[in-house]
1. For the stretch A:82-218, report the % of Cα-Cα distances exceeding 24 Å.
2. If you line up the long axis of helix A:11-35 against the longest principal axis of chain A, both from Cα atoms, how many degrees apart are they, to the nearest 10?
3. Using the alpha-carbon atoms, what tilt in degrees (0 to 90, nearest 10) does helix A:134-166 show relative to the longest principal axis of chain A?
4. Between B:Arg158 and B:Phe33, what's the calculated FRET efficiency when r is the beta-carbon distance and R0 is 25 Å? Round to 0.05.
5. Compute the distribution of all C-alpha to C-alpha distances in the stretch A:1-76, in bins of 10 Å from 0, and list the percent of pairs in each, rounded to whole numbers.
6. For the stretch B:99-177 and the stretch A:14-75, what is the separation of their Cα centres, given in Å?
7. Want the number for A:Val189 to A:Asn96: 0.36 nm per residue separation, take away the alpha-carbon distance, what's left?
8. Using alpha carbons only, how many degrees (0 to 90, rounded to 10) separate the axis of helix A:67-84 from the longest principal axis of chain A?
Amino acid sequence: MRIRDLLHISERRQRQAARGMQLFLAVMLLAGLLLRHAGVIVNASIGLFVTFLPGILERDAGIPMDAGLALWISAAVFLHAVGTITIPGIGKPYANVWWWDHVTHALSASLVAGVGYATTRAVDIHSDSVSLPPRFQFVFILLFVLAFGVLWEVIEFGIGLAAEYTGTPGVLTQYGLRDSMLDLVFDTVGAIIVAVYGSTQLGEVVDALTERLAESRP
Amino acid sequence: MSHTGLSSVVESRRLNAALAATILLFLAVAAVFQVLIGDLEWAGFTLAVLAVALVPPFARRRPTAMLPWEVIFLAALPIVLRALVAGETVAGMTLSGRIVTYVAVAAVALLIAVELDVFTSVKMSHRFAVVFVVVTTMAAAGIWAVVRWLSDIILGTRFLYDGRPEHVIEEAMMWDFVAATFAGVFAGVLFEYYFRRRARLARRIPGSAPAGYPDSGRGESPAPGPTGEPDSEPASVDAEVSDR
């Protein structure tokens, strides 16, 4: 099952959607620069950079990125960036829309899981001394995503400490214990989705990565 | 590769087994005491270290088939410190206590990596084993936090919500995560160095060779071909020893 079969939308529409999200992030970056708002600038520019990654990977690294993958990546950073800005009538989606944080975390965790899956699968195929059966692969993806989730919390915590120390408003916000724990739970949900469906979605990426490995270490 | 006098001594299977058995005996006694004084979280960790360390001798039905005693010692270190050093038993651990704890978790992860490599169809290069250790150590901190939290809100236990204000609980947990991150990376660097100095951890488990684990030599072997076709060879190497 691929994303496009699930969503029933054409590749053209998917590219348009990804492009629209990219445009939104560019506008958000401009607004942040005009308003001199550090948090908006950082979140928008990192998001904007990530939306260009599929194109860069495809052109420079030769890793095939179909429209579905590009949309997947763009949607994750788009949801995150929108979540941090104040929308009239709603407020910050992260704080005021109950599912926003969960969906964003599951989505971005699925990206991390995708990177983890594609890399370990390529190493598994390429390397003689590494053999990772599917059941181990499944567990390892979950561990990989949880480790990344912990790293994310550490980064948020570190930024919070730094902001407290310098007296500037934070770029990322921690909303409490329950929130941190639910983040990790929904990270796991995203990881499970990729661990189950990753092989069909990422087959071409895995093949390309395996070839790259073979070229770099003949 | 220079072998120091000490390393050639501990290459001896019998001495390694004796040293490891001493540590495991201590852990068994410690587990009983931990249960008696109601320190169930630590009793669980102690029993987990014991269980992981006892897999090879039971699987091989040979008491000398023991994992490296120095890695078992690293896994047992926080338990030893808590038992012997007063002050470490206080619930509010210092950062050094946290670091020692998560280095121990990393050591358990390494033991599991070796066992997966020897006893299952999973094969790891030493580099992948290092990545596995770092990832598993950090993930363990997350899983441990979520499990305690879920247990508190669903079963009404008091692992986290023990009367402290919530921001104190959260900050303590964040320091746990920081410690797990640093300890994971530290252990990864340590093990990388350890593998280079004296690899072949699994040599002490009879029947785990011929290649041993982790083998730096295997990494340099020529790749199967430019297309990188899947390898069928490692499965056959220890076909006779993979008892799942």
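1. Beyond 24 Å sits 43 percent of the P(r) for the stretch A:82-218.
2. Between the helix axis and the principal axis of chain A, the angle is about 40 degrees.
3. On a 0 to 90 degree scale, this one is about 30.
4. Values: r = 22 Å, r/R0 = 0.88.
Here the calculated transfer efficiency is 0.70.
5. 20, 42, 28, 10, 0
6. That distance is 34 Å.
7. Numbers: separation 93, 0.36 × 93 = 33.48 nm, distance 2.18 nm.
Stretched fully, the A:Val189-A:Asn96 segment lengthens by 31.3 nm.
8. Relative to chain A, helix A:67-84 is tipped by roughly 20 degrees.
No value in this document is a laboratory result; all are computed from the given coordinates. Just so we're clear, the structure is a prediction, and the values are computed from it rather than from any experiment. All Cβ positions, glycine included, derive from the backbone under ideal geometry; neighbour counts span all protein chains shown.
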